[in-house]
Each structure stands twice: as structure tokens, then as C-alpha cells.
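Here is the structure we will look at.
The values are calculated or read from the model by the stated rules, or taken from the named source; none is laboratory data. Model, not experiment: these values are computed from the prediction. Methodologically, a virtual Cβ is constructed for each residue, glycine included, from the backbone with ideal geometry; neighbour enumeration extends over all protein chains shown.
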């Protein structure tokens, strides 16, 4: 049986990743090896072209599944500030992904309102990471 996949990335301006988290629940998968981690990063980076194409063809912020690689799917959400949320998953519910993006956007807006935050700087807040993990647990637990 293959392990679960749930990798979340926030891509800032100029397509620079500013936040990355492996959100697999502790009981679902073992430790990630370095090759798998790089594969996930590669798939997410490759999906940016599909996000660019679809974001201008839709009026929705939630773009749904924008790319696929083997059994992995990439869902995307683009904020009004052109910050991209990408979620690499193995076939999760569209509704739970949409709700996840909405809740993460709310938390991310609070980070962006900090006068010391720059949209081009990485998000290094442990509190933000914990909130994203809590949101993922609430939306993706089986």
C-alpha cells in the first residue's frame, strides 16, 4: 500500500515558494525520504504553468485540480494578491480542499497584515505552521 500524500505550498510573487508543509497525518505514512520530497516539490513547481494558464481563464479563486502526475493531483487557489496556494494530494474531496484553501487564506491574510511581513519573504512563523496543520487535520481526517 502506498503512503498518503498531502503537501501544501504557498507560492509568492515571482513564483518563489514562501511556505511549504507536509501535512500527512502522523498515522497515515512513515517518514518521507529525500527523493520523495524532491519529487513532490518538482510536481508542484511544474504545476505552476498550469496555474498561470487557468487563473486568467476563470473568475474563481479556487481553480480545482490543475495538474496530474501518476496518481498525484495538484489543486490550486489564487488569492487577489496573486499568491498561489498549491496542494499535492492523492485524490481528496474537492469540497474539503476548497474549504481547506478558504480557511488557510483567512490565516494567511492575518500574516500578510503584519507590517513587518514582506510578500516576497518566507513565512517562518511556527504559529502559522501549527494553524495550517490544525486546519488540515480538521478537513482531511478520514
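A few comments on the model shown:
- Residue within region 36-43 that is over 22 Å from residue 102 (Cα atoms), modelled with pLDDT of 90 or more, touching a strand residue (DSSP E or B) at 6+ places or on another chain (Cβ under 8 Å) and in a helix (DSSP H, G or I) present: yes
- For region 1-35, taking the residues that are modelled with pLDDT of 75 or more and part of a loop (DSSP other than H, G, I, E, B), the one that is farthest from residue 120 (Cα to Cα) is identified as 4.
- Enumeration of residues in region 109-135 that are assigned to a helix (DSSP H, G or I) and in contact with a helix residue (DSSP H, G or I) (Cβ under 8 Å, 6 or more places away or on another chain): 111, 128, 131, 132, 135
- Among the residues here, residue 70 qualifies as on the phi > 0 side of the Ramachandran plot and without any contact (Cβ under 8 Å) to a residue 60 or more places away in the chain.
- Within region 67-82, the set of residues being over 18 Å from residue 20 (Cβ atoms) and in contact with a strand residue (DSSP E or B) (Cβ under 9 Å, 6 or more places away or on another chain) comprises just one member, 68.
- Breaking point among (1) assigned to a loop (DSSP other than H, G, I, E, B); (2) more than 18 Å from residue 16 (Cβ to Cβ); (3) more than 14 Å from the chain's Cα centre (by Cα), for residue 138: (1)
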